[in-house]
1. Show which lysines lie in cross-link reach of Lys479 when reach means a straight Cα distance below 27 angstrom and same-chain residues fewer than eight apart are skipped.
2. Hey, could you grab the Kirkwood Rh for region 239-310? Inverse mean 1/r over distinct alpha carbon pairs, Å, one decimal.
3. May I ask for log10 I(q)/I(0) of region 393-461 at q = 0.16, 0.24, 0.26, 0.27 Å⁻¹, from a Debye sum over the Cα atoms as equal point scatterers with solvent left out?
4. With the convex hull built on the Cα atoms of the chain, state its orientation-averaged projected area in nm².
5. Find how much the distance from Leu53 to Ile449 grows on full extension, using 0.36 nm per residue of separation minus their present alpha carbon separation; answer in nm with one decimal.
6. A 19 angstrom limit on the alpha carbon distance is what I want to check against. Which of Lys266/Lys421; Lys218/Lys300; Lys154/Lys218; Lys195/Lys266; Lys154/Lys204 exceed it?
7. With a sphere of radius 15 Å drawn around the Cβ of Leu295, what net charge do the other residues whose Cβ falls strictly inside it have (Lys, Arg +1; Asp, Glu -1)?
8. Which Cα, out of His365, Met289, Val440, lies furthest along the positive dipole direction of the chain (beta carbon charges, K/R +1, D/E -1)?
Amino acid sequence: KGHEGGFNNEGPRSRGSNFSGSEVQTQGKGAALEGGEPVANDAINLERRVGLLSGIALIVGTMIGSGIFVSPKGVLERTGSVGLSLVIWAGCGVLSLMGALCYVELGCLLPSSGAEHTYFLTAFGHLPAFLFAWVSIILLKPAMLAIICLSFSKYLVEAFVSQCEPPLQAIRLLGALTIVVITFINCYSVKLATKVQNIFTAAKLLAIMIIVIGGVVKLIQGNTQYLDNGFEGSTDNFGNIATAFYSGLWAYDGWNNLNYVTEELKKPYTNLPRAIIIGLPLVTVCYLMVNVSYLAVMSKDELLASETVAVTFGNRVLGWAAFLMPLAVTLSTFGAANGTAFTSGRLCFVAAREGHMVDALSFVHVRKLTPSPALIFNAVIALMMVIPSDIGSLIDFFSFTAWIFYGGAMAALLLMRYTKKDEPRPYKVPIIIPIIVLIVSVYLVIGPIIDDPQIEYLYATSFIIAGLFFYFPLVHYKKTLPGMGHLTTLIQMILEVVPTDVMPD
Ligand code: ARG
């Protein structure tokens, strides 16, 4: 299964460009994909340790993070009515599902890890793939980790100091500590990281069930008044609808997570589609029911006034068990942070393997077989982002940039229907779906700019363009940064990491 993505018979250093130029030793022999499924061997490489259940947990457990406990406010504020906000929540679910179905086709067509990076590389070439890696690895993925860990610590600190305003420094410090702990878990063992993911996913599904049952009980008792006036007050402004989508889509983000780890998935051709087909509808149904539950106990204005919807809900419905709500949110965000770190590490690993990041980031631990340099790099940047920032604007900015890339992946899919017409596609999505998602993503990116230009969008765009300054010297012309060879050797010695063997044709 050779293609320009990951499973190539050239060593990582011989193919791409290099930031390093060091002489490093590879060991072991290559792993093989036989009949489309992996064969076990003793090569130094990431192993296939993610089964169907863990795959579902990676999707569901990262999608359900902080968003469903925070974003309902944003969606409601921007749509102006209960009815329209529920429509947006459903719309976000349908859009994510459609996007994910396209990613099933992409993931089965190009079964290497790294998602968009691999798809852009194969469809459009090195430059777009590099720009994606650049923005994601330096900005998006660490920002996500920082946002989620900050939400985690905010809820945890609040649970302890309920009488007064939680101290900001404590929140930041605990957020930073969480990043360190999660990174340690992920560097220590893939098995442990997936176990953490599975357990926390189960815990958050339980929490969602508690909210839903609480809401249903209230509805049965006749508390439907807040849902009655439906669409009253709905916005008719296009830009507002796009940014309402942004709030909702943050809660759904993570639907593409399994595509970052396809190389570590057992039986990828069966498990990738299954995990997506099970995971996405599950999350959508949960989110819709949770939103209805919130509105069964509080009015639109009360919801808008609450900073922490889920906690307000708990206080009203759960009585003495109200402490369960902040606990549920902390469990949920911790799990999502773990999944985010897990997959972000893989993206960085794959990009470095292609020569789009420094070599050392594509190395794995000799015995633990975890991509520790990539995981640590992601964590270090995330730690720098745990500085004063407004989570709301971070989220808008995030969705704006992320949807440029999701749209790009749709374009890649459509293009490869021509350029790779005859390659086997274990799953082929109806062509109308990527077209719709592409159109919606163009709208999501352009709508808010036209409607209400914000300086953040300009920052985002300039950051993408800034990548060009690195691309040409370091990737295209393969110039080496001075001292990089020594640094690589140093990293190898400290972290006990080596380059991976690459799958043969
Ligand atoms: N949807 C998650 C939340 O509501 C955030 C997911 C972050 N994205 C990711 N690809 N890890 O908190």
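All of the numbers you see were taken from the coordinates with simple rules; none came from a lab. Note that the structure is a prediction, hence the values are computed from the model and not measured. Virtual Cβ from ideal backbone geometry, glycine too; neighbours counted across all protein chains shown.
1. Lys141
2. Result for region 239-310 stands at 14.7 Å.
3. Relative scattering, expressed as log10 I(q)/I(0), comes to -0.62, -1.00, -1.11, -1.17.
4. 22.5 nm²
5. Length gained between Leu53 and Ile449: 138.6 nm.
6. Lys266/Lys421; Lys154/Lys218
7. Here the count lands on -1.
8. The residue sitting most towards the positive pole is His365.
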